[in-house]
């Protein structure tokens, strides 16, 4: 009996290692979940809102029929100029009709040939956007893009360009949390199955 107490069997050592792994997996699962909760909740909520941004009115939906073939579209320079003429924020920043096109005011131009429009978004706090007819240069709509801040919050860019790594870290944490969660669920089942298949281990 004393010899049995002094020398642990290989099966006991395997069981001890399994318990230590389960304990480590539990704490990894726990603290990853705790530390990444805020980021994951923010990413989840903003993702849901972005999926329904049209219905929520965060992105202007301007119905429009093409007025001419795409081959007849005006140049991007003329379309950008037409957008700035209609943008009140451009005047606030010192730009006025008759000046050369200031591309520094424009963040992006989203050309949509099928709809016959280009969406010109400005580089301002409100992310003002003008929807312009590709063929005529007529400004069809001017308004704020409410989904831009959500996109930046979703990616982490709202806290600075380099902070997009926050969403990467949150994504990695979620993957590890799922893996450790499955491990904590499966490992005991696999251990019991191994014992049931080995009568000596069960005894």
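Bear in mind that the values in this text are calculations on the coordinates, not laboratory data. Values in this document were obtained by computation on a predicted structure and should not be read as measured data. Using ideal geometry, Cβ is built from the backbone for each residue, glycine included, and neighbour counts are taken over all protein chains shown.
If you fit an axis through the alpha-carbon atoms of helix 10-51 and take the longest principal axis of the Cα set of the chain, what angle between them do you get, 0 to 90°, nearest 10?
Once rounded, one gets 20 degrees.
Once both axes come from the Cα atoms, what is the angle between helix 165-197 and the longest principal axis of the chain, in degrees from 0 to 90, rounded to 10?
30
So what's the angle, to the nearest 10 degrees on a 0 to 90 scale, between helix 76-86 and the longest Cα principal axis of the chain?
80
Only counting other Cβ atoms within 10 Å, I'd like 75, 155, 36 sorted with the fewest neighbours first. Provide the component values of the computation, followed by the final result.
On the way: 75 9, 155 16, 36 20.
With the fewest neighbours first, 75, 155, 36 line up as 75, 155, 36.
Could you work out [θ]222 nm for the chain from helices alone, using -39500 (n - 2.57) per DSSP H run of at least four and dividing by all its residues? Round to the nearest 500 deg cm²/dmol.
Estimated from H runs of four or more residues: -17500 deg cm²/dmol.
Ranked by Cβ crowding within 10 angstrom, fewest neighbours first, how are 64, 154 ordered?
Ascending Cβ contact count within 10 Å gives the list 64, 154.
In percent, what relative contact order does the chain have, based on Cα pairs under 8 Å that are 6 or more apart in sequence?
25
Want the number for residue 38 to residue 110: 0.36 nm per residue separation, take away the alpha-carbon distance, what's left?
22.7 nm
In the range 80-115, which residues have a backbone nitrogen under 17 Å from the label point lying 7 Å from residue 65's Cα in the Cα-to-Cβ direction?
From the range 80-115, the list is 114-115.
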